[in-house]
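The values are calculated or read from the model by the stated rules, or taken from the named source; none is laboratory data. Not measured: the values here are computed from a predicted model. Cβ coordinates were reconstructed from backbone atoms using ideal geometry, including for glycine residues, and neighbour counts include every protein chain displayed.
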Amino acid sequence: MRARLISYGVIAFLLAALLALAACTNQPADTGTNATDGTTTETTGTPTEPPATEQPPAGEGESTAVKALVLERCTVCHDTTRIKQAQHDAAAWEATVERMRGNGAQLSDAEAAAIAKFLAEGGNAQL
């Protein structure tokens, strides 16, 4: 039991470190990035839009982030085959995610809602 708790602690630490690294960007030192909308402010103080090639198509970035969240959190206990094969509507996915939280899945309310929505919209087929 103790080894399992330590394993979960290590996994949680590694996930937190991974998320922190993912949040970092390769911006020059004299440029600041606005984390809320991705615009940059150069030394002139004038906001500029990032190049179009750096922005994913609308909705794709969120979908990719939720997919990564599913892969990080849900596969702690089981593989993706189980998730891929499930055929649930939105209410059933919400109930399933809540049941998994009750079983120990480490998800905030917002993460749980995002995962349930992603899976209800067919995201499980993308895993």
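Points to keep in mind about this one:
- Flag for PRO57 being at pLDDT below 85, surrounded by 10 or more Cβ atoms within 10 Å (Cβ to Cβ), outside any helix (DSSP H, G or I) and of a type outside the set (A, V, I, L, M, F, W, C): no
- Residue match in region 89-100 (condition: within 24 Å of ILE11 (Cα to Cα) and without any contact (Cβ under 8 Å) to a residue 12 or more places away in the chain): yes
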